[in-house]
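Asks: Have a look at the structure that comes next, please.
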Amino acid sequence: MLNISKFVAPEIIFGLGALSQIGESAQRLGSKKVFVVADRGIMDTGWIEKVLNYLNQANLEYHVWHDITSNPKDDEVIKGVKKYLDSGCDAILGVGGGSPIDVSKSVAMLATNEGCIQDFEGVNKITRPLPPMLMIPTTAGSGSEVSQFAIVMDHNRKIKMAIISKSLVPDIAIVDPYLLQTKSSRLTAATGVDALSHAIESYVSLAATPLTNVQALNAIQLIAGNLRESVTCRTNLEAKSSMAMASLQAGLAFSNAILGVAHAMTHQVDGLLDLHHGETNAVLLPAVMKFNMIACADKYCEIAKAFGENIEGLSKWEGAEKAVEAVSRLVRDISIPQGLSAMGLKEDMIKRISKNTLNDACIVTNPRDVYEEDIINLFKQAL
């Protein structure tokens, strides 16, 4: 018997050339002036000029703000809220990877809800409606354009805060695979493994449902078949389209099923060392999969099959091992760094971040119970 569950999602406009729908979409949300959020990297790609052109065609006013970094911080959000309130805008449009989109959500949240951003850390703490939100991802990774998550760094505590609320689900997500062509191979690899970790952790999550399982498994299959090609060729639109869809479906899956201990650990490492989220996930994911295997071997067999592994005649444990091996091989093939020590993590940091991991909301839905000693051992394995 299935428990009652909810599945939340925005309106989704997907496909090559979908960017042209921005103006009409903002108009349908009743907007007259749009607050456009980007980062400095996106400003250099030329995509913002195209976005503004479509807003001009719809006779919409706008204000552009791009003063954010790759791992968005609480003080940057505070600046964004002031800019939004001073601008007279009535809708928020985030353009970029997870950083501009998460900042856009956080600005929307604080524009209408009193308090500091730390007050909303955790689950379902937003009480007032947010301004209309449109999101346009330029990476195939974060899935933030469809999720109820916003991840923002607390610069004093040096941790990434997870803010989770259905209020953070954007009104409209516009996903155009053309936008993926301006990303470097390193960023394509890192964001692709981020999407894979979303798909795998949501698939084995304690909160998984038939609706999230379908999205997660299909995302895994698309990533297994297309990430290598997407990394090696910027103009391979078939691979880019498949990865855009994979990221979208993984985002829908984890938004509704939540995640697990890999993300709980990654948030601590990235908060401490200001690393790229996808690369940290890539290092931790195989170790966490081995740890969780005892609790979800049957699902790992399905993951192995999604990777194209032949597990006929194998025990469920042997089949589950094939899933871990396939993930590890993919990470190696796309040249992700092979250990956290190479990224700057030192053994004397592990105790502190292991304690912080236990407080992360993502750990609640991990399929296997996790204790501090387990987390310490996982970090040491990933060094």
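Asks: List, in the order given, every pair from LYS32/LYS158; LYS290/LYS351; LYS316/LYS351; LYS83/LYS351; LYS183/LYS351; LYS50/LYS73 whose Cα-Cα distance in the structure shown is over 31 Å.
Replies: Result: LYS32/LYS158; LYS316/LYS351; LYS83/LYS351; LYS183/LYS351 exceed 31 Å.
Asks: Express as a percent, rounded to the nearest 5, the fraction of DSSP beta bridges in the chain (both residues included) that run antiparallel.
Replies: 20 percent
Asks: Compute the convex hull volume of the Cα atoms of the range 185-382, divide it by the residue count, and report the result per residue in Å³ as a whole number.
Replies: It is 101 Å³ per residue.
Asks: Now for a separate question. Quick one: the Cα spread of the range 153-209 along its three principal axes, in angstroms, biggest first?
Replies: Between the extreme Cα coordinates on each principal axis of the range 153-209 lie 37, 32, 27 Å.
Asks: Still on this model: Within 10 Å of each residue's Cβ, count the other Cβ atoms and sort PHE307, PHE7 from fewest upward.
Replies: Starting with the residue having the fewest Cβ neighbours, the order is PHE7, PHE307.
Asks: When a/c reaches 1.5 or more, the comparison of a/b and b/c decides; with that in mind, is the range 120-174 rounded, prolate or oblate per its Cα gyration tensor?
Replies: oblate
Asks: Which whole-angstrom value gives the distance between the alpha carbon centres of the range 86-127 and the range 1-75?
Replies: 14 Å
Asks: Separate question: All other residues with a Cβ under 11 Å from the Cβ of GLN268 taken together, and with Lys, Arg as +1 and Asp, Glu as -1, what is their net charge?
Replies: +3
Asks: Here's a follow-up. How big is the chain by Rg and Dmax over its Cα atoms, in Å?
Replies: 19.7, 65
Asks: By its C-alpha gyration tensor, with a ≥ b ≥ c as the square roots of the eigenvalues, how is the range 281-381 shaped: rounded for a/c under 1.5, else prolate for a/b larger than b/c, else oblate?
Replies: oblate
Asks: Based on the alpha-carbon gyration tensor of the range 1-87, what equivalent-ellipsoid semi-axes (square roots of 5 times the eigenvalues) come out, in whole Å, largest first?
Replies: Semi-axes from the Cα gyration tensor: 25, 21, 15 Å.
Asks: In a GNM of the chain with a 10 Å cut-off on Cα contacts, which of ALA262, ALA18, ALA195 has the highest mean-square fluctuation?
Replies: ALA18
Asks: Near SER165, within a Cβ-to-Cβ distance under 10 Å, what is the net charge of the other residues, with Lys and Arg +1 and Asp and Glu -1?
Replies: The answer is +3.
Asks: Give the aspartates and glutamates reachable from LYS125 as a straight Cα distance under 12 Å; neighbours fewer than 8 places away on the same chain don't count.
Replies: GLU114
Asks: Which residue, MET133, MET293, MET265, has the most motion in a Gaussian network model of the chain that connects Cα atoms within less than 10 Å?
Replies: Top of the fluctuation ranking is MET293.
Asks: Neighbouring Cβ atoms within 10 Å as the yardstick, rank ILE117, ILE200, ILE163 fewest first.
Replies: By the 10 Å Cβ count, ascending, the order reads ILE117, ILE163, ILE200.
Asks: If you take the Cα atoms of the range 189-229, find Rg, then find the Kirkwood Rh from the mean of 1/r over all pairs, what is Rg/Rh?
Replies: On the Cα set of the range 189-229, Rg over Rh gives 1.00.
Asks: Considering only DSSP beta bridges whose two residues both sit in the range 11-179, what percent are antiparallel, to the nearest 5?
Replies: Counting only bridges with both partners in the range 11-179, antiparallel ones make up about 20 percent.
Asks: Kindly rank 153-161, 165-173 from highest to lowest mean number of other beta carbons found within 10 Å of each residue.
Replies: Highest mean packing first, the order is 165-173, 153-161.
Asks: Specify whether the C-alpha gyration tensor of the range 107-209 places it in the rounded, prolate or oblate class, a ≥ b ≥ c being the square roots of the eigenvalues: rounded for a/c under 1.5, otherwise prolate if a/b is larger than b/c and oblate if not.
Replies: Judged from the Cα gyration tensor, the range 107-209 comes out prolate (a/c at least 1.5, a/b above b/c).
Asks: Please give the per residue volume of the convex hull enclosing the alpha carbon atoms of the range 11-179, rounded to a whole number of Å³.
Replies: 96 Å³
Asks: If you don't mind, there's one more thing I want to ask. Report the longest stretch of the chain that contains none of the GluC sites (Glu not before Pro) sitting in a DSSP loop with at most 16 other Cβ atoms within 10 Å.
Replies: 115-311
Asks: Can I ask one more? Percent relative contact order of the chain, based on C-alpha pairs within less than 8 angstrom and at least six residues apart?
Replies: Dividing the mean separation by the residue count of the chain yields 16 percent.
Coordinate-derived values only; no laboratory data. Computed from a prediction, not measured in an experiment: that's the story for all the values here. Here Cβ is always computed from backbone atoms with ideal geometry, including for glycine, and neighbour counts include all displayed protein chains.
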